[in-house]
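This report concerns only the one structure given below.
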Amino acid sequence: MNAPAYNFAYLDEQTKRMIRRAILKAIAIPGYQVPFASREMPMPYGWGTGGVQVTAAILGPSDVLKVIDQGSDDTTNAISIRKFFAKTAGVATTTATDEATVIQTRHRIPETSLHANQVLVYQVPIPEPLRFLEPRETETRRMHALAEYGLMHVKLYEDIARFGHIATAYAYPVKVNARYVMDPSPTPKFDNPKMDNCPALQLFGAGREKRIYAIPPYTQVVSLDFEDHPFEPYRFNAPCALCAAENSYLDEIVTDDKGGRMFVCSDTDYCEGRQAAGHHGSLSAAPYKEKAQEKSNG
Amino acid sequence: MTTIAELPPGFVDKVLSAQSTFRSVMDAMARPGSVQRIVPMAGAPATMMRGTAAIALTLFDHDTPLWLDARMSESSDVTKWLKFHTGAPVVQDSSIAAFALVSEGALLPALECFALGTSEYPDRSTTVIIQVESLDAGRSFELRGPGIDGVATLQASIKPFDLFERLGMNEALFPRGIDVVLVADDAVVAIPRTTRVVSKGS
């Protein structure tokens, strides 16, 4: 007997049906968190169990999967999930954003613009944007029902009163289709504008909290703000040290114990693509320096 | 009397056929007005189109109370096929149904009869699957809403003729409301509760 040890994409069919029905309702009600019967997955909570279940429910043999963790294709979490689906579903995987049909992400939206044949699956730790303001699920549910979001504006106002500006830097609340306030997952607020009117379908899965929500393509997504304190995406004021990009989101990397640091693109695929296309930053690796030396020698 | 051996078959490959059918329905729901094709085919009892049968095999199970229109609920072929392949309980009370199957538009009851969800749980609403004559010819409808880049044009021959007028209630009810899936043979178009008709041609 060569019976496979797992069903295609790991989950059993009844679970997939349940998740698929939740996804359809999530798309029909943009930004609303649909409860679902989240399963135990062979990885700990916090490692993307929600995103993995959503991916498992939509993935087919002809899909090409990309997984990123904080923008990187090369971190443990991203590699583990990519291998998980390569093993259980036999799908092709890639690190190139524009080749992927399904992109599972933790905490970033790729720099390369998404297109209509892609689905972006977010891993979400805490789906309820009001949770730290109101701990009771019964209350937050009623607040969503009544579109009672004053508390969120008070929170942002308190930021201004305390710091002089809206200090929320990630998981910055958005309003979807002028109705539901939604947590975009802990993406940096730099990424918020990419969610607005995006050609790709965006799905969000929270495994521990058992919620699925969605933003359909071409849907209005507005970051909450005030007339006199408009929303501003934040980025370190520096070019990428490897590819010299001026418009990508940067990670700050400490390089020694004397205050040395470098800023590099958090999106590794974007950065590598730019370097391959001939863009070089101040700290580019050997090939660039050798070239520079050849020039000075010659 | 139909025995189980005589029932039309389900999917040949349950797992991948359900996945492919779901992606078509998901794309339809994400891009209202766009016509998606359902590729994998299963046997279907009389009065049920191939697309409807594939959706039933993909989304229905013991967790989804099912309401059938008069023509389908009177057909023992349909009820036996659904019972054998999906196990979904058929209910008389449309207001508790997760899905409703309407074999032809004339048999569509008032939409208020279905579950509209609650303000706290708007997802607990009926998805109404309506079989229509054609989704590539007929009157043209211009649609707007999430999932649509500007305006989507749907050419369709739909009964009841006033379906979109009746779906107008979704605007006032939102976030409660009815989501509709239109099926014509292997073609699927979804009209979620956020979609609005802006104009109609002839």
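Some observations on this one:
Table: residues versus (1) within 21 Å of B:Thr126 (Cβ to Cβ); (2) more than 8 Å from chain B (Cβ to nearest Cβ); (3) out of contact with any strand residue (DSSP E or B) (no Cβ under 8 Å at 6 or more places or on another chain); (4) of a type in the set (Phe, Trp, Tyr).
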residue	(1), (2), (3), (4)
A:Arg17	yes, no, yes, no
A:Arg20	yes, no, yes, no
A:Lys25	yes, no, no, no
A:Val34	yes, no, no, no
A:Arg39	no, yes, yes, no
A:Gly50	no, yes, no, no
A:Ala56	no, yes, no, no
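- Odd one out for B:Ala53 among (1) surrounded by fewer than 21 Cβ atoms within 10 Å (Cβ to Cβ); (2) under 23 Å from A:Pro61 (Cβ atoms); (3) small (Gly, Ala, Ser); (4) away from chain A (no Cβ under 14 Å): (1)
Matching residues to (1) more than 30 Å from A:Ser38 (Cα to Cα); (2) in contact with a strand residue (DSSP E or B) (Cβ under 8 Å, 6 or more places away or on another chain); (3) crowded, with 22+ Cβ neighbours inside 10 Å:
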| residue | (1), (2), (3) |
| --- | --- |
| A:Phe204 | no, yes, yes |
| A:Pro216 | no, yes, yes |
| A:Gln220 | no, yes, no |
| A:Asp225 | yes, no, no |
| A:Phe236 | yes, yes, no |
| A:Cys243 | yes, yes, yes |
| A:Asn247 | yes, no, no |
| A:Lys258 | yes, no, no |
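- In region A:42-60, the residues that are farther than 21 Å from A:Thr101 by Cβ and within 20 Å of the chain's Cα centre (by Cα): A:Met43, A:Pro44, A:Tyr45, A:Gly46, A:Trp47, A:Thr49
- Condition met for B:Ala28 (within 14 Å of another protein chain (Cβ to nearest Cβ), under 28 Å from B:Arg166 (Cβ atoms) and at pLDDT 95 or above): yes
- Candidate set from region B:85-106 (those that are more than 16 Å from B:Thr52 (Cα to Cα) and in a helix (DSSP H, G or I)); member that is modelled with the lowest pLDDT: B:Ala106
- Filtered residues of region B:153-188 (kept if under 12 Å from the mean Cα position of the chain (by Cα) and within 14 Å of another protein chain (Cβ to nearest Cβ)): B:Ile178, B:Asp179, B:Val180, B:Val181, B:Val188
- Region B:20-52: number of residues that are assigned to a helix (DSSP H, G or I) and either touching a helix residue (DSSP H, G or I) at 6+ places or on another chain (Cβ under 8 Å) or in contact (Cβ under 8 Å) with a residue 60 or more places away in the chain (or both): 12
Results for (1) more than 18 Å from B:Thr126 (Cβ to Cβ); (2) surrounded by fewer than 21 Cβ atoms within 10 Å (Cβ to Cβ), shown as yes or no for each residue.
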site	(1), (2)
B:Thr153	yes, yes
B:Ser157	yes, yes
B:Phe161	yes, yes
B:Arg166	no, yes
B:Phe174	no, yes
B:Gly177	no, no
B:Ala190	no, no
B:Thr194	no, no
B:Ser199	yes, yes
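- Restricting region A:130-182 to residues that are of a type in the set (Gly, Ala, Ser) and outside any loop (DSSP other than H, G, I, E, B), the residue that is surrounded by the most Cβ atoms within 10 Å (Cβ to Cβ): A:Ala145
- Given (1) surrounded by fewer than 20 Cβ atoms within 10 Å (Cβ to Cβ); (2) within 18 Å of A:Gln70 (Cβ to Cβ), index of the condition A:Gly278 fails: (2)
- Filter result for A:Glu209 (charged (D, E, K, R), free of Cβ contacts under 8 Å to residues at least 40 places away in the same chain and either surrounded by fewer than 22 Cβ atoms within 10 Å (Cβ to Cβ) or in contact with a strand residue (DSSP E or B) (Cβ under 6 Å, 6 or more places away or on another chain) (or both)): no
- Residue within region B:63-76 that is within 14 Å of another protein chain (Cβ to nearest Cβ) and over 24 Å from B:Val189 (Cβ atoms) present: yes
- Residue that is nearest to the other protein chains (Cβ to nearest Cβ) [pool: residues in region B:6-18 that are over 17 Å from the mean Cα position of the chain (by Cα) and either within 18 Å of A:Ala9 (Cβ to Cβ) or charged (D, E, K, R) (or both)]: B:Val15
- Of the residues B:Phe84, B:Phe99, the single one that is among the aromatic types (Phe, Trp, Tyr), away from chain A (no Cβ under 11 Å) and farther than 30 Å from B:Gly150 by Cβ is B:Phe84.
- A:Gly46 of a type in the set (Gly, Ala, Ser) and either within 12 Å of chain B (Cβ to nearest Cβ) or surrounded by 18 or more Cβ atoms within 10 Å (Cβ to Cβ) (or both): no
The values are calculated or read from the model by the stated rules, or taken from the named source; none is laboratory data. Model, not experiment: these values are computed from the prediction. Positions of Cβ are backbone-derived with ideal geometry, glycine not excepted, and every protein chain shown enters the neighbour counts.
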